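Down below is the structure, laid out as structure tokens.
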Amino acid sequence: MTPYEKLLAGNKAWAKKQQADDPAFFDRLSSIQTPDFLWIGCSDSRVPADKITGTQPGEIFVHRNIANMVVHTDVNLLSVLDFAVNHLKINHVIVCGHYGCGGIKAAMSNIDYKPVLNMWLRNIKDVYHDYRDELNAIADEELRADRLVELNVHEQVTHLSQTSIIQRAWQHDNGPHLHGWVYRLKDGLIKPVLEMLPGSAIDPLYIYEDL
Ligand code: CO
């Protein structure tokens, strides 16, 4: 069996088990999804949103990219956010980073990853720049990277609050709650690092009027 055939065989076995465990499962989910969460996570294969939270298909709407970034010019991320907030009416947006993130480590290096990756990693370098006094004071490189993972999650949650999408929802729907989490590969546990509720303070520069 080739590696990709293994995936298809795995799919058959999963569908069979799911049908046996919950006969109404596919009928229920084929017509509608009503997730309560939007997950913005890292593309890293070791951090699958549903597995590590013990949730089922239908429970989490997912967007993943390198180092779980919220970039204000990223049409992909913004359209996912818009759909999740305004159409699915999810109540929680979770930005989940992870210790040992390759994207974070790459951004801390001086390696030329060529134009496209350099452009993406630049967003992370800018986070480092904003916190460089704190980060440069950490001698151990691994610990410094771990701290940048936490600060980056903090920063990306802040970016969410700076979008007109979130500000409009906070004003009119009193939701969603924004969460910043960090997952540890070494023990599988998630550490919450930040929560922003509707009405949380936003830098006046980024506040939109007449939403
Ligand atoms: Co990562």
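The values are calculated or read from the model by the stated rules, or taken from the named source; none is laboratory data. In this text, all values refer to a predicted model and were calculated from it rather than measured experimentally. Glycine gets a Cβ as well: all are built from the backbone with ideal geometry, and neighbour counts include every protein chain shown. Note: areas computed on protein heavy atoms with side chains; ligands, DNA, RNA excluded. Shrake-Rupley method; radii C 1.70, N 1.55, O 1.52, S 1.80 Å.
Structural remarks
- Tensor-based shape of segment 1-88 (alpha-carbon gyration tensor, a/c under 1.5 rounded, otherwise prolate or oblate): oblate
- Shape box of segment 1-147 [Cα atoms, principal axes, largest first, Å]: 56, 43, 28
- Measuring between alpha carbons in the structure, the pairs from LYS89/LYS114; LYS125/LYS191; LYS125/LYS186; LYS12/LYS125; LYS6/LYS114 lying more than 32 angstrom apart are LYS89/LYS114; LYS12/LYS125; LYS6/LYS114.
- What a 1.4 Å probe finds exposed on the chain is 56% carbon and sulfur by accessible area, rounded to a whole percent.
- Protection proxy ranking of 148-159, 181-192 - average other beta-carbon atoms within 10 Å, highest first: 148-159, 181-192
- In the assembled protein chains, VAL75 presents an accessible area of approximately 110 Å² (probe radius 1.4 Å).
- Ordering of 99-105, 196-202 by packing is 99-105, 196-202, highest average first (other Cβ atoms within 10 Å, averaged per residue).
- Average accessible surface area per residue within the chain, 1.4 Å rolling probe, Å²: 59
- Counting only protein heavy atoms and using a 1.4 Å probe, the accessible area of TYR4 comes to about 140 Å².
- Accessible area per residue (1.4 Å probe, heavy atoms of protein chains only) ranks TRP170, TRP14 as TRP14, TRP170, with the largest value leading.
- Accessible surface of ILE66 - all protein chains present, 1.4 Å probe, nearest 10 Å²: 70
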